[in-house]
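Asks: Handing you a structure now.
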Amino acid sequence: MRSDTDIDRSAKDADWIEGQHRSMRRWVGAKVGRPVADLSAEVCDGLLLIELTNKIIAEVSERSPHDKLYMLQPLYKRPQHQLQKYENVADYLQFVRLVLNLSACNISADDIVQGNLKLVLGLVWSLFVFSAASTMSGFMPNAGRSFFEVKAILLRWLNPIVHKKGIEPISNFGRDFSLETSRPDLYFFAILDHYLPNRYGFDVNVKKLQNLTRAMEIGAEFGISQLADPENFLTLVPDEICIVSYVSGWFQTFEVDAVWEEVSGSRGMASESSPLSLSHISASSPKSHQWADEHSIDLDDVSVGIIEEVDKVDLSSKESREKDELYFENPMLDVLFDTIVECESIKHRYEKKALRFHVDVKHETSRLKRNKNFFCGFSLDDINEKLMTCLTRCKEAFADNAIHNENLHSFFKVAELVIARCNLLVGALKEYETFRSNKKQKLLYKDAIELDKLYRVINDKIHSVGIDCDYKPSTHFDFVSGVKDLCTRIERTDTAFLETARKALQMLQDSALKELNGQLSVVEEVSEKYRHLDGHSEEKALIYSSLERFECFMNISHQLDYYARNLDIGSSPSSIRTLLKTSLESPGVSVDSTKDLYSTFKKIAKSKMYLSHSECDTFLASIVSTKYWSENRETIASFKNLIPIFHFNLRSSESDSSISVHSDLGHNNSMESFSIFEESAKVSKHLSTGTLDAYDLSTFMENIDNGFAI
């Protein structure tokens, strides 16, 4: 018997799953624009997952155009059979692992198709974290797409807001959001008053649950999805996933989308004396002022004078630019900017196509292996024996120019089995013909050639401006090794399937199928005898049923003959047409060469290790022509986005006034970084957040020299 402890644990697990299921299906419904009742049932064919992921990718691409993502199309848009659903989901899981870098190793296509709710929730939660972290990436540069980073950004956003209202700091999304021990209702009203001062009053005489419910209703008016219910806050330790998913909606609405601006007309930042009636909280929260003292950042020691001077710089003014010691006007470096930005764009196309090529080849080779194994495991001797039995039963059923019911029904039973098995063979051959005449030609004679062309274009262009190295794609994208290996693999798998299929077809063609015409003549003789009977007689019905089976057998025989002839053809007309078309569309690459551009850039940039935002703009403006600077700001912005950012963190407290320097690029830091920071401290707008970003030209040039890895 189960103990009370086991029963309690099972009940808690069920509540936990139900709570997360409710939050996640509401989030999915909000993303796709329609209600979702049961995730485990609605994701089993892969279509909802693909639609959801494409929505997320569209949002990420809109905010971060440089993210190398592309939309996924389902293999089967209307999957009817279990195998089609399985292939949709398997292709989808491979996509999110390779393209989105989601960890879905413990989730298989079988888990999703069979509706394993826990694993479905785990997959959807990974998509939520990816979506939320991508949305927040602009608020913590170089942060990873992890649950930890999402929580860190939300706490970093929430705590300054609640601190101004005298509320204790929030350290977690569990116990600190419990109505039993904390005041989450005040957190949400603090957010409202922070962005919309004086607009929403707070009633101190109303119970906490009522206040929270009202705050959530106000949030819903701003379009915040109801991913949590007030009841989720009533437990001692609320479910962290439910709370984070709901609070993320507030962050998205007020901080990212700024929908409150439509209400207030401007950014209504609440002051410390904001009239939100929370003064009574200070008396009951003695820690709040202590927290404020411990965590306030005093930047008075930082030279504000330097900041004011930087703000005065007018990059569009040629007079101010000429004061820079590095200023010179060399129109030829304009070409370097254009070439690097253009090559990065081509590189993006190459990697997107190469990844799709990799996925398609893997999918097609998997199908070929599956069909080859099907032919190898298919007992042709058994089919031939059953076919002989079938024809013998037919002969006995119509012996002596009469109909023998028992033998005839035995003929029907064996015939159905043989027809079903042969149709599976025909289906595999039909799938192979589609692959051979269309998909294989596209992969080998179009996609692979296009990848080769893009690869050569990138190298020709970067060599033309003096970049001596060749472009070195990552393992999945490498045409020189990876793509050619994939082509070899698909040819090898195709050959193995072809050999197996030919042997199987030869055996079938030499089987009892050759005796069909002789057996059909027996049925014809019996039909003559019963021609005079009524059309609805039992005898005629049995003869019609027999003829239907023979028609199926003859159709299968004709199809096997057709596929046997096709397998002996070396190249189909469509493949030759595709090859001819591709050769006509793939001219050689020709680019003008200016070999000294990159070396010139390296000499100038050698002394510029770390640059603030303003300094980077000044430097870039100094090495291109005035006309180019004014007319090609989009290209310049794209070039600047390719330069890695070095991340500095400032920590300031009563006992520690040091500055810590951190790089997301994996460099070894030393005390020399302190002097670097003094120069970078000119970027004033980052000081209030405790972070500084510096553009690292040294690493930028290293990346270019190491295979154009920008």
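The values are calculated or read from the model by the stated rules, or taken from the named source; none is laboratory data. Computed from a predicted model, the values in this text were never measured in an experiment. FYI the Cβ positions are ideal-geometry reconstructions off the backbone, even for glycines, and counts take in every protein chain you see.
Asks: Could you list, in sequence order, all residues of the stretch 404-442 that are at pLDDT below 80, polar (S, T, N, Q) and within 30 Å of residue 541 (Cβ to Cβ)?
Replies: Within the stretch 404-442, 405, 407 qualify.
Asks: Only one of (1) in contact (Cβ under 8 Å) with a residue 60 or more places away in the chain; (2) in contact with an Asp or Glu (Cβ under 7 Å, 6 or more places away or on another chain); (3) surrounded by fewer than 17 Cβ atoms within 10 Å (Cβ to Cβ) fails for residue 32. Which number is that?
Replies: (1)
Asks: Out of all the residues in the stretch 461-487, which are modelled with pLDDT of 80 or more and among the aliphatic types (A, V, I, L, M)? Before the answer, list the steps.
Replies: Taking the stretch 461-487 first, the residues modelled with pLDDT of 80 or more are 461-473.
Within the stretch 461-487, 462, 465, 467 qualify.
Asks: Within the stretch 553-653, which helices (runs of 4 or more DSSP H) (wholly inside it) include 3 or more residues that are polar (S, T, N, Q) and at pLDDT 85 or above? Full working, then the answer.
Replies: Values: elements: 573-584, 597-605, 613-622, 626-631, 633-641.
Once the helices (runs of 4 or more DSSP H) in the stretch 553-653 are filtered for at least 3 residues that are polar (S, T, N, Q) and at pLDDT 85 or above, what remains is 633-641.
Asks: Hey, another quick one. Can you list residue pairs whose Cβ atoms sit under 7 Å apart, with the first residue in the stretch 420-431 being under 14 Å from residue 564 (Cα atoms) and the second being of a type in the set (Phe, Trp, Tyr) and outside any helix (DSSP H, G or I)? Count only pairs 6 or more apart in sequence or on different chains.
Replies: From the stretch 420-431, the pairs are 425/378.
Asks: So, residue 236, is that one farther than 19 Å from residue 31 by Cα, assigned by TED's automatic domain parsing to the domain that holds residue 157, modelled with pLDDT of 70 or more and not in a helix (DSSP H, G or I) or not?
Replies: Working: farther than 19 Å from residue 31 by Cα: yes; assigned by TED's automatic domain parsing to the domain that holds residue 157: yes; modelled with pLDDT of 70 or more: yes; not in a helix (DSSP H, G or I): yes.
Yes: the conditions hold for residue 236.
Asks: Working only within the stretch 214-232, note down all residues that are part of a loop (DSSP other than H, G, I, E, B) and either outside the structural domain of residue 200 (by TED's automatic domain parsing) or β-branched (Val, Ile, Thr) (or both).
Replies: 224
Asks: Here's another thing I want to ask about it. Among (1) outside any helix (DSSP H, G or I); (2) farther than 20 Å from residue 241 by Cβ; (3) in contact (Cβ under 8 Å) with a residue 12 or more places away in the chain, where does residue 209 come up short?
Replies: Tallying (1) outside any helix (DSSP H, G or I); (2) farther than 20 Å from residue 241 by Cβ; (3) in contact (Cβ under 8 Å) with a residue 12 or more places away in the chain, residue 209 fails exactly one: (1).
Asks: Applying the selection to the stretch 70-89, what residues are in a helix (DSSP H, G or I), closer than 18 Å to residue 104 by Cβ and in contact with an Asp or Glu (Cβ under 9 Å, 6 or more places away or on another chain)? Lay out the reasoning, then the answer.
Replies: Taking the stretch 70-89 as the starting set, the residues that turn out to be in a helix (DSSP H, G or I) are 82-89.
When the remaining residues are screened for being closer than 18 Å to residue 104 by Cβ, the result is 85-89.
Of everything in the stretch 70-89, those that are in a helix (DSSP H, G or I), closer than 18 Å to residue 104 by Cβ and in contact with an Asp or Glu (Cβ under 9 Å, 6 or more places away or on another chain) turn out to be 85, 86, 88, 89.
Asks: Considering (1) at pLDDT 90 or above; (2) within 18 Å of residue 118 (Cα to Cα), say which one residue 14 fails and leave the rest.
Replies: (1)
Asks: Looking only at the stretch 224-248, which residues are closer than 19 Å to residue 154 by Cα and free of Cβ contacts under 8 Å to residues at least 60 places away in the same chain?
Replies: 224, 233
Asks: Could you tell me whether residue 175 is among the charged types (D, E, K, R), under 18 Å from residue 159 (Cα atoms) and out of contact with any Phe, Trp or Tyr (no Cβ under 8 Å at 6 or more places or on another chain)?
Replies: Details: among the charged types (D, E, K, R): yes; under 18 Å from residue 159 (Cα atoms): yes; out of contact with any Phe, Trp or Tyr (no Cβ under 8 Å at 6 or more places or on another chain): yes.
When the stated conditions are applied, residue 175 passes them.
Asks: Something else: Working only within the stretch 132-148, note down all residues that are more than 17 Å from residue 240 (Cα to Cα) and either at pLDDT 85 or above or part of a helix (DSSP H, G or I) (or both). Lay out the reasoning, then the answer.
Replies: We begin by selecting, within the stretch 132-148, every residue more than 17 Å from residue 240 (Cα to Cα); these are 134-145.
Of everything in the stretch 132-148, those that are more than 17 Å from residue 240 (Cα to Cα) and either at pLDDT 85 or above or part of a helix (DSSP H, G or I) (or both) turn out to be 134, 135, 136, 137, 138, 139.
Asks: Assuming residue 65 fulfils every condition listed in (1) within 30 Å of residue 236 (Cβ to Cβ); (2) modelled with pLDDT under 90 apart from one, which condition is it?
Replies: Failing condition for residue 65: (1).
Asks: Just give me the residues in the stretch 149-172 being assigned to a loop (DSSP other than H, G, I, E, B), under 21 Å from residue 214 (Cβ atoms) and within 33 Å of the chain's Cα centre (by Cα), in sequence order.
Replies: Of everything in the stretch 149-172, just one residue is assigned to a loop (DSSP other than H, G, I, E, B), under 21 Å from residue 214 (Cβ atoms) and within 33 Å of the chain's Cα centre (by Cα), namely 170.
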